[in-house]
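A.B. asks: Below is a structure I'd like to ask you about.
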């Protein structure tokens, strides 16, 4: 429930943040109370009853009746649960020394450190897993080195996963790293032997898994969030194979709704179901923002305890761990749904309520927009299911792309809503000016078209005008009396529950009127909007029949039970009033109050009394001008472009909020200052000239000026505006001031200057005659040569002007002497394939290119081709470098080729030699088998066994294809059990 009195304008973002913070605090307390009831309950947990009780206000410690210490303990359990899931193991180390601080109980067994009956040599060398030991000794050298390098990297998550192998058994694991307060956490997940393991660099390949899904999302038409969610759940279902995939959206009051679903045909649909905010606690939502992918492989599996250094003052934080065990309450919820495994993906977008709030990005220190949790993709499966990290990584990448696209759609929807409200508001303003204020109820569109509501009422000079579903006139009169008694100091009230707001007559209103927004026009005149209870707005996604008797299923934590609990919570609540709706209502209030000055007898307006005097007409005109002026001032103050104004002396008398935001100079300090004092020295003469012309009636357009910045903005330097000057005239048409309407082009100018500087550096480098610059040429998207640098001219003998704007394949590179002659036609074909491959988006291509230099000598060069693209990603051609080997390197390459030929020759001889020995060896093996089948003495059997062992060792030598080991006389022996009783 939200209730608010209108006391001043305030910023929308500040108001939204305070309302959201209040909701989060209240909801967290409610979550803690439900969790305590669940932990203390000996009987089956009655979720519906607990929800109903928890949602009712109580006295005592906070709105939820639970002490703050209990809330803190609950949050501690959620974030520092001390248990992980058993599909992997966890090791926490000091990020500098790699000394182990904590580890999960299953780590020794999973890392093959558990005691063996006959330990191998490597297992004997490894100590048991203990606190303080060096974690690098657990893994083979390449993995240990990779972990060491990753620990020194700022944002370690960018390197995930790191492929490591157990030192003893060589079993592969994905090490998934993140930093915690205590040190560096390593979540170790076994690699499926059937999967091809990937390294940190190879993790980029997992993006390709989501490429098809991303293409589908990007090909969808804009303006349809529902279609976007439908396609997303289908693509996630195809990628992961879960039985059910749902898109879950959080509403403004924190409750959730399933807005899209892809499920197995035999499963009950959940689409359209709404759930109370407690179904996904605020603590879990915080964790979803920290860790965007959450997998539970088997909710029924026994969790594994984390063993930690006794010197740690509190349990290890598992916020970022991929292995964090599910809470007992959540495990029961999943089990009651028939779901054993789940995968949850976070959907985050820019926080529209925090347009000017930025967070510092930990990776590069840059300021990033504040993000909020829009919703979740929730996947359920009826049996245990493990999704390997590369596929989860691909899903996370897919959700990032979806979040960007969704963010645009949400912004477009908000803009469309604001435009609709603005258009309706404009019409209503016109009605007010012509027939104040009755026209907004008697004409079309009316006041109900301004915001979504079920009814509206106007109480004006002891008369009523009613539209839609409203209380009776007597009840409205009672509401006005209540407002004047308890909210007389405010200009209005908005609430989604009159019951929770404290109105004593709310029970008599029933479900028809639950929410209300009201504004005070004068001290005794009010305008109301009413909303019915939320259940009317909710569509049941499955069976609509309500059971007549409460059964055990209703008590369980189950989606249906949650839905029923939600209906109970919202029984006396309406949909909340959105900030944009309250802005529209507040603006209408300002216009109404401006057009209805206290003390003017509005019974003399033409809608009530038809006879008007000349004096009344003059007052009406003045009121109209006042209203128009007020609205114009409001529009200027809230404009999204900087607007400033000066009088004829050049003194500032206008400075809107956008100008204050860009410069850091608040309105109060700016008004009264000479404009030239705020202008950067480079632009003073320009502004002085514009002012002089404007005072003569000549308006300048598209003039670039620089404004000084102040306070925290000063370190960023002046801002650059392109302004239009507009003259202000008095009644005698004399210019009395100048208004500047500007556009901030600072970022655009910075980008253009940077581009120009980079372009200049780029041209200087490419065309430099230094011997350090390699031969470079470029080709555009149509196959024409667009660059042919100095080094390329010297190598080929072909001048730049002879190559530019010629077809690269056929005219520049050719089989004739008229261009750069290549070895043969195959070389031209390979070059064409490489260039085309790069221009369709493939990775950097390399080609060994044979050509004839300026002196006619044949040389081999290594060509590296890279694509050229615009800022939007459109490929515009290819950039190619030639790496010309020095004579020494060419001689080394020739020697290498000769060595390879000699090695191949030796290998062929070795293969022939091996084959010649294998034939008689097979005969010996056959003879052994015949002899073993006959009756032999123990001495003869012993001789046969010894002979068989010799034969096996000889077969191993023959099967060894590692030529290098053979040349170095290196032999690797098998490790087998040795029975002293059977030896001699």
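A.B. asks: Name, by its number, the condition in (1) modelled with pLDDT of 85 or more; (2) surrounded by 20 or more Cβ atoms within 10 Å (Cβ to Cβ); (3) under 21 Å from the mean Cα position of the chain (by Cα); (4) more than 23 Å from residue 370 (Cβ to Cβ) that does not hold for residue 248.
C.D. replies: For residue 248, the exception is condition (4).
A.B. asks: Looking only at the range 665-700, which residues are assigned to a loop (DSSP other than H, G, I, E, B) and farther than 22 Å from residue 734 by Cβ?
C.D. replies: Answer for the range 665-700, where residues must be assigned to a loop (DSSP other than H, G, I, E, B) and farther than 22 Å from residue 734 by Cβ: 665, 666, 671, 672, 673, 680.
A.B. asks: Any idea how many residues of the range 184-195 are modelled with pLDDT under 90 and crowded, with 16+ Cβ neighbours inside 10 Å?
C.D. replies: Residues meeting the conditions: 1.
A.B. asks: Okay, moving on. Touching a residue at least 60 places away in the same chain (Cβ under 8 Å), farther than 30 Å from residue 697 by Cα and assigned by TED's automatic domain parsing to the domain that holds residue 853 - does that describe any residue in the range 794-807?
C.D. replies: Yes - at least one qualifying residue is present in the range 794-807.
A.B. asks: Would it be correct to say that residue 198 is modelled with pLDDT under 80, closer than 26 Å to residue 150 by Cα and buried (at least 16 other Cβ atoms within 10 Å of the Cβ)?
C.D. replies: yes
A.B. asks: Which of (1) in a loop (DSSP other than H, G, I, E, B); (2) surrounded by 11 or more Cβ atoms within 10 Å (Cβ to Cβ); (3) over 60 Å from the mean Cα position of the chain (by Cα) is the odd one out, the single condition residue 935 does not satisfy?
C.D. replies: (2)
A.B. asks: Yes or no: the range 761-775 includes at least one residue that is modelled with pLDDT of 85 or more and more than 30 Å from residue 679 (Cα to Cα).
C.D. replies: Within the range 761-775, one or more residues are modelled with pLDDT of 85 or more and more than 30 Å from residue 679 (Cα to Cα).
A.B. asks: I'd like to check something: does the range 163-179 contain any residue that is assigned to a loop (DSSP other than H, G, I, E, B), under 23 Å from the mean Cα position of the chain (by Cα) and assigned by TED's automatic domain parsing to the domain that holds residue 106?
C.D. replies: Checking the range 163-179: not a single residue is assigned to a loop (DSSP other than H, G, I, E, B), under 23 Å from the mean Cα position of the chain (by Cα) and assigned by TED's automatic domain parsing to the domain that holds residue 106.
A.B. asks: Among the numbered conditions (1) assigned by TED's automatic domain parsing to the domain that holds residue 662; (2) modelled with pLDDT of 85 or more, tell me where residue 743 comes up short.
C.D. replies: That leaves (2) as the condition not met.
A.B. asks: Now a separate question. Looking at (1) at pLDDT 85 or above; (2) under 30 Å from residue 292 (Cα atoms), which one does residue 481 not meet, given that it meets all the others?
C.D. replies: (2)
A.B. asks: Go through the range 824-851 residue by residue and tally those that are modelled with pLDDT of 85 or more and surrounded by fewer than 17 Cβ atoms within 10 Å (Cβ to Cβ).
C.D. replies: 1
Every residue, every condition in (1) over 24 Å from the mean Cα position of the chain (by Cα); (2) at pLDDT below 75; (3) assigned to a helix (DSSP H, G or I), yes or no:
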{"position": "332", "(1), (2), (3)": "yes, no, yes"}
{"position": "338", "(1), (2), (3)": "yes, no, no"}
{"position": "359", "(1), (2), (3)": "no, yes, no"}
{"position": "368", "(1), (2), (3)": "no, yes, no"}
{"position": "377", "(1), (2), (3)": "no, no, no"}
{"position": "385", "(1), (2), (3)": "yes, no, no"}
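A.B. asks: Kindly indicate whether any position in the range 474-494 is outside any helix (DSSP H, G or I) and more than 27 Å from residue 594 (Cβ to Cβ).
C.D. replies: no
The values are calculated or read from the model by the stated rules, or taken from the named source; none is laboratory data. All values reported here derive from a predicted model rather than from experimental measurement. We place every Cβ from the backbone using ideal geometry, glycine too, and count neighbours over all the protein chains shown.
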